[in-house]
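Right, one structure below, let's go through it.
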Amino acid sequence: MHPTTPLAFYRQVLAVCPQLQALHLRRYSSPWYATLVVDGMLELWELVVDRCGFLTVNLRAAPTLERVACVDGPIALAFGEAPRPACLSLTYALDDRLVLVRNWKLSCHLGDTPAMTELFVCFTGPPRWMTSGPLHSPLPGLRRLVVTDMPSTWDVSWPRVILEAAPSFEMLVSTQVMVELQVW
């Protein structure tokens, strides 16, 4: 669909397609304050929000939802009554021209996610978009954390918060962006 398609149109399409299993929204130009509400989608197992302008994704009712991916901009996730996904992927690409009003707390992305077994976090660009802080609830099912493209200048205290909240944790994969220093 075209990026200028009104949000009301998407809501109408979703309302008549309760059997939808995978929903990928790409390059939707919503206002920065808009909320995507996923409600009554009984068969939905995968949701991808890629380069959309949503401030919040509210997962009210999606009982079979297993995978959630958010790409290219910090989005707060509200899980509501929906079961928690097993796999959450956060890939945010910010450049120096973007100024964030606030850094996002880790708990804004994770919410109450006891069923999550895998968490993928990819950093692209130098701006820091996530800060550490206590989680609202433990992560009893988390077994795998993958962190990629983390700039060497970032504070890595937030992965420790995740590890401390995950008693079933088995594997940490981390890659770091190499920063070349030039001497003049």
Residues whose modelled amide H sits under 5 Å from the amide H of Cys122, counting only those 5 or more places away in sequence or on another chain, are Leu90, Thr91, Tyr92, Thr148
What list do you get for Cys52, Cys17, Cys122 if you sort them by fewest beta carbons within 10 Å? Cys17, Cys122, Cys52
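No lab work stands behind these numbers, since they all come straight from the coordinates. Note that the structure is a prediction, hence the values are computed from the model and not measured. Don't worry about glycine lacking a Cβ; one is built from the backbone with ideal geometry, like all the others, and counts go over all protein chains shown.
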